[in-house]
Amino acid sequence: MTLSSAIFLFFAGVLGGVLNAVAGGGTFAVFPALIFTGVPPIPANATNTVSLWLGTAASTRAYRHHLNISRRVLVPLLITGTLGSVAGAILLVRTPAHTFVHAVPWLMLLATVLFAIGGRLGGLINASVAHDASNSTIAMVTMVEAIVAVYGGYFGGGIGIMNLALMAAMGMTDIHAMNALKVILVAVINGTAMVTFIVTRTVFWPQTLVITVGALLGGYYGAHYSQRLPQSWIRMFVIGTGLAMTGYFFAKAYL
């Protein structure tokens, strides 16, 4: 790895950490940067996951005061996230990543639309997932989270957006509380996948160390400063990030 590549990857890590702390999508700063500096696609995906994990974990501390969700909701989500991530990571290691690329833009588009109209969808639901959710509501959310976790372990781009969309559709309205739960779930999903990638020796460590330093800075300060902005600004940023990711994946898959 050259000095210029290291500097490039450091700033990609900073941007990736900020995006993950605010709205998700750090993969779209780091993964292309790894490809551009010569890392093969599957190791680039694994290295991306490992590099951004500490940045995501750092942002959980900044959001800890906003987490307002019962254990009966949180525990099933964490268990499902762990198991789904293991399945997705093993699937990535054993199959070519390019077979999934044509489905990704449609998933991103769906997630962005769900987040954009999530407030209206939440108005149709009697119970908020954060407080008085019924057992059937928890079961439905857990099943959807399992799908998100498998995708997160397999590729991971946009799982923050997907989790935010799920929370909005199920009745959560406080963007900071949503971000708090999102970063915890993403940290669990990516952390589990990270262990799998390390065990299977799929990670490029020099690149990982450089990006991790940048992601730690971006994740921590991005989480703190995003809480000072109006919620409407952050919602618009989330939607804009989702649309940008959708366009990127459509171009990559079909152009």
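Name the residues in the stretch 139-154 that are aliphatic (A, V, I, L, M) and open to solvent by less than 20 Å² (accessible area, probe 1.4 Å), would you? The answer is 141, 148, 149. Could you please let me know if residue 204 is among the aromatic types (Phe, Trp, Tyr) and under 15 Å from residue 158 (Cα atoms)? No; evaluated as a whole, the condition is false for this residue. For the stretch 190-201, the criterion of being on the phi > 0 side of the Ramachandran plot and small (Gly, Ala, Ser) is met by no residue.
Of the residues making up the stretch 80-112, those that are within 23 Å of residue 203 (Cα to Cα) and polar (S, T, N, Q) are 82, 85, 95, 99. Exactly one residue out of 10, 100 is among the aromatic types (Phe, Trp, Tyr) and modelled with pLDDT of 85 or more: that is 10. Among helices (runs of 4 or more DSSP H) entirely within the stretch 155-255, having at least 2 residues that are open to solvent by 60 Å² or more (accessible area, probe 1.4 Å) singles out 175-199, 205-226, 231-254.
Take residue 92 and decide whether it is under 18 Å from residue 154 (Cα atoms), modelled with pLDDT of 75 or more and over 16 Å from the mean Cα position of the chain (by Cα).
So residue 92 passes the test.
When the stretch 107-141 is filtered for residues that are touching a Gly at 6+ places or on another chain (Cβ under 6 Å), part of a helix (DSSP H, G or I) and at pLDDT below 70, only 122 remains. Restricting the stretch 25-51 to residues that are open to solvent by 10 Å² or more (accessible area, probe 1.4 Å) and part of a loop (DSSP other than H, G, I, E, B), the residue that is farthest from residue 95 (Cα to Cα) is 37.
The values are calculated or read from the model by the stated rules, or taken from the named source; none is laboratory data. Computed from a predicted model, the values in this text were never measured in an experiment. A quick note on method: Cβ atoms are made from the backbone with ideal geometry, for glycine too, and the neighbour counts reach across all protein chains shown. Keep in mind that these areas ignore ligands, DNA and RNA; they rest on the heavy atoms of the full protein, side chains included. Shrake-Rupley method; radii C 1.70, N 1.55, O 1.52, S 1.80 Å.
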